[in-house]
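Take a look at the structure below.
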Amino acid sequence: MDEKLSSPNTLVESPYLRSLLAGAVAGTTVDTSLFPLDTLKTRLQSSTGFWASGGFRGIYDGIGSAVVGSAPGAALFFVTYEASKRFFAPYTKGSSYGEAGGHMAAASLGEIAACAVRVPTEVVKQRAQAKQHPSSLSALTFILNQRQTHGFAHVWRELYRGWGITVLREVPFTIIQFPLWEGLKKWSLQQRQPPRPAEVTAAESALYGAASGAIAAGLTTPLDVLKTRMMLATTRQNVFALTSKIWREEGGRVFLSGIGPRTMWISIGGAVFLGSYQWASNMLGSR
């Protein structure tokens with residue numbers, strides 16, 4: 001992935017363009033292949049209940065917004081992540097803790113950048129998944145039509161409803177997953193006899209992505225529940241007031257709603273996402 005590893009056989013010379021293209025492939029692959037599990041998780045977390053939100057019916061409702069948002073969101077994440085890693089590398093070289101810290105910072109910046117695309121996509125997708133609207137297009141049209149009565153600022157706030165809690169969920173998730181993933185890849189390469197390859201295989205990356213994703217998913221499920229509730233609410237909610245209300249009216253166990261599907265979905269998703277990213281990145285790096 002480093003620029004110094006480029007060779008005359010490299011398909012795409014720019015490491016940033018490789019990250020952009022590989023990220024787009026990874027995002028599209030994971031979001032479309034695992035969409036039904038994401039739908040079930042959303043419905044389990046809905047305040048109206050699993051069956052009222054659609055149960056097992058129409059598990060592909062909202063996939064249109066996922067398809068549209070997957071490639072640019074993941075591409076934006078990886079190009080920011082890889083660029084930030086290169087920026088922090090001189091300051092963290094020679095220290096395992098420093099290197100992990102650099103990965104955490106780079107992943108956090110990548111997530112914040114990706115949320116510019118991911119949040120509107122999630123709002124539209126989850127409203128379709130929860131049967132508030134018959135399709136992603138219907139959900140998006142409903143939001144955009146509010147410009148006539150409430151103004152453009154209101155539409156903007158609706159599309160980015162849950163921005164804060166999404167970032168609050170994604171940053172802890174990513175600072176757990178990506179240092180683990182990078183650490184496992186580094187450990188794997190160190191076990192090889194010289195001359196060692198520059199990168200792990202796609203299958204190895206998928207395995208490490210599954211393990212790191214499962215751990216991060218389980219630990220951040222409460223934040224995911226809050227994010228889902230805020231995006232599905234008919235009016236804007238304060239995250240602290242909403243947390244207090246859920247705890248008071250439904251109990252603490254509700255914050256673990258959907259932990260099974262979420263952990264399974266993200267573990268499989270980590271394998272697909274980081275495996276396909278590695279595959280595309282390795283393929284673009286050489287022929």
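The values are calculated or read from the model by the stated rules, or taken from the named source; none is laboratory data. Just so you know, these numbers come straight off a predicted model, no measurement behind them. FYI the Cβ positions are ideal-geometry reconstructions off the backbone, even for glycines, and counts take in every protein chain you see.
Quick notes
- Members of region 198-224 found to be over 23 Å from Val254 (Cβ atoms), assigned to a loop (DSSP other than H, G, I, E, B) and at pLDDT 90 or above, listed by number: Glu199, Val200, Thr201
- Any hit, region 180-190, residues being within 17 Å of the chain's Cα centre (by Cα), surrounded by fewer than 22 Cβ atoms within 10 Å (Cβ to Cβ), part of a helix (DSSP H, G or I) and on the phi < 0 side of the Ramachandran plot: yes
- Residue list for region 57-101, restricted to those being among the polar types (S, T, N, Q) and not in a helix (DSSP H, G or I): Ser95
- For region 28-56, a tally of residues being closer than 18 Å to His133 by Cα, assigned to a loop (DSSP other than H, G, I, E, B) and hydrophobic (A, V, I, L, M, F, W, C) returns 4.
- Looking only at residues in region 234-276 that are part of a loop (DSSP other than H, G, I, E, B) and in contact with a Leu (Cβ under 8 Å, 6 or more places away or on another chain), the one that is farthest from Lys125 (Cα to Cα) is Ser257.
- Candidates Gly101, Gly110, Gly23, Gly62 - the one that is on the phi > 0 side of the Ramachandran plot and either of a type outside the set (A, V, I, L, M, F, W, C) or free of Cβ contacts under 8 Å to residues at least 12 places away in the same chain (or both): Gly62
- Selection of first residues in region 178-200 that are within 21 Å of Gly98 (Cβ to Cβ) and of second residues that are modelled with pLDDT of 90 or more and among the acidic types (Asp, Glu), restricted to Cβ pairs under 7 Å at least 6 apart or on distinct chains, gives the following pairs, ordered by first then second residue: Ser188/Glu204.
- The residues of region 21-68 that are in contact with a Lys or Arg (Cβ under 6 Å, 6 or more places away or on another chain) and under 21 Å from Thr80 (Cα atoms) amount to a single one, Ala66.
- Restricting Leu207, Leu219 to residues that are closer than 25 Å to Ile112 by Cα and of a type in the set (A, V, I, L, M) narrows the list to Leu219.
- Any chance Ala153 is part of a helix (DSSP H, G or I), over 28 Å from Lys41 (Cβ atoms), of a type in the set (Gly, Ala, Ser) and more than 23 Å from the chain's Cα centre (by Cα): yes
- No other residue among Thr141, Thr121 is of a type in the set (Ser, Thr, Tyr), within 24 Å of Leu226 (Cα to Cα) and either in contact with a Gly (Cβ under 7 Å, 6 or more places away or on another chain) or surrounded by fewer than 17 Cβ atoms within 10 Å (Cβ to Cβ) (or both) apart from Thr121.
- Looking only at residues of region 256-275 that are within 18 Å of Gly183 (Cα to Cα) and either without any contact (Cβ under 8 Å) to a residue 24 or more places away in the chain or aliphatic (A, V, I, L, M) (or both), we find that the one that is surrounded by the most Cβ atoms within 10 Å (Cβ to Cβ) is Leu274.
- The listed residues are Thr80, Thr48, Thr32, Thr42, and the only one of them that is more than 26 Å from Leu17 (Cβ to Cβ) and under 18 Å from the mean Cα position of the chain (by Cα) turns out to be Thr42.
- For Arg57, the requirement of being of a type in the set (D, E, K, R), surrounded by fewer than 22 Cβ atoms within 10 Å (Cβ to Cβ), more than 28 Å from Glu182 (Cα to Cα) and out of contact with any strand residue (DSSP E or B) (no Cβ under 6 Å at 6 or more places or on another chain) is met.
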